[in-house]
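Please read the structure below before turning to the comments.
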Amino acid sequence: MQAKADLHVHTIYSHDSLITPKDLVFYAKKRGLTAVAVTDHDRIDGALEIAREKDFLIIPGIEVSSRNGHIIGLNVQEPIPKGLSPDETVEKIHEAGGVAVACHPFALFKGSLGKHVSAKFDAVETINSQAFPFNRCVRRATQIAESLKLPCVAGTDAHYGPAIGYAYTVVDAEPSIEAITRAIVSGQCQPFGRSVPLTLTLERQAQYLKKRLFRAPAHSQIVKVQ
Ligand SMILES: [Zn+2]
Ligand SMILES: [Zn+2]
């Protein structure tokens, strides 16, 4: 049995994402995914709430800002502190019963781990649809995964609903959180996908700007002069 999962998605619980829980499930189903990992920046509450409420297989996760770059914890039920070293962060994820993924390790402008990826990780995200420059990021991440003999996974890093599913991991597992994460650790998985088209990125930025403008701060109100 195979499961098809986007292992890196941000929801509105991340300050920079537009994806509501409803959007998340809508686009995941539309793209034919079996599961989605919700990996908001340094928080787990949203992922746990969505996993509880939605009629779809949600893997609760977190994208932790370690001292030297971003690290994803999959299948965790508690927050993992930010600001620790990569090794300490991986240990905390393991103590919480989770799977540690070195996400977008060579992407520019993203808080990437680079040389801090080590064999302590459980997997490397070799395809990240938002990574720039995309082909170079895939090549270098694949090289490091191979040299450390780590499994390769993929995720979109989507912050906008229509971007969900541009990358996904096919896992040899039945559709359950435990089975999927166990299969990833043992390398029974394969990454697929491509970069999000520029038109979608621009569309997302326009939507994000609209949202920010709509929520204009109080000091921007016009004050009547007596
Ligand atoms: Zn990141
Ligand atoms: Zn991310």
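The values are calculated or read from the model by the stated rules, or taken from the named source; none is laboratory data. It should be emphasised that the depicted structure is a prediction, and the values quoted were computed from it without experimental measurement. Glycine also receives a Cβ, built like all others from the backbone with ideal geometry; neighbour counts cover every protein chain displayed. In case anyone asks, the SASA skips ligands and DNA or RNA and just uses the protein heavy atoms, side chains included. Shrake-Rupley method; radii C 1.70, N 1.55, O 1.52, S 1.80 Å.
Where residues in the stretch 151-173 are touching a helix residue (DSSP H, G or I) at 6+ places or on another chain (Cβ under 8 Å) and away from ligand 2 (no atom under 16 Å from the Cβ), which of them is most open to solvent (accessible area, probe 1.4 Å)? Here the answer is Asp172.
Out of the residues in the stretch 103-125 that are part of a helix (DSSP H, G or I) and within 14 Å of ligand 1 (Cβ to nearest atom), which is nearest to His8 (Cα to Cα)?
Gly114
Here Glu63 passes the criteria (1) acidic (Asp, Glu); (2) in a helix (DSSP H, G or I); (3) in contact (Cβ under 8 Å) with a residue 40 or more places away in the chain except the one numbered (2). Within the stretch 11-48, the set of residues being more than 28 Å from Arg212 (Cα to Cα) and buried (at least 18 other Cβ atoms within 10 Å of the Cβ) comprises Leu33, Thr34, Ala35. Here Ala131 fulfils each of the conditions (1) within 24 Å of Arg182 (Cα to Cα); (2) of a type in the set (Gly, Ala, Ser); (3) open to solvent by less than 20 Å² (accessible area, probe 1.4 Å) apart from (1). Exactly one residue out of Ala96, Ala51, Ala100 is more than 22 Å from Val25 (Cα to Cα), aliphatic (A, V, I, L, M), away from ligand 1 (no atom under 12 Å from the Cβ) and open to solvent by 10 Å² or more (accessible area, probe 1.4 Å), and it is Ala96.
Which residues, counting only those in the stretch 17-39, are part of a helix (DSSP H, G or I) and of a type outside the set (D, E, K, R)? Reasoning before the result, please.
Keep residues of the stretch 17-39 that are part of a helix (DSSP H, G or I), which gives 21-30.
Passing the criteria: Pro21, Leu24, Val25, Phe26, Tyr27, Ala28.
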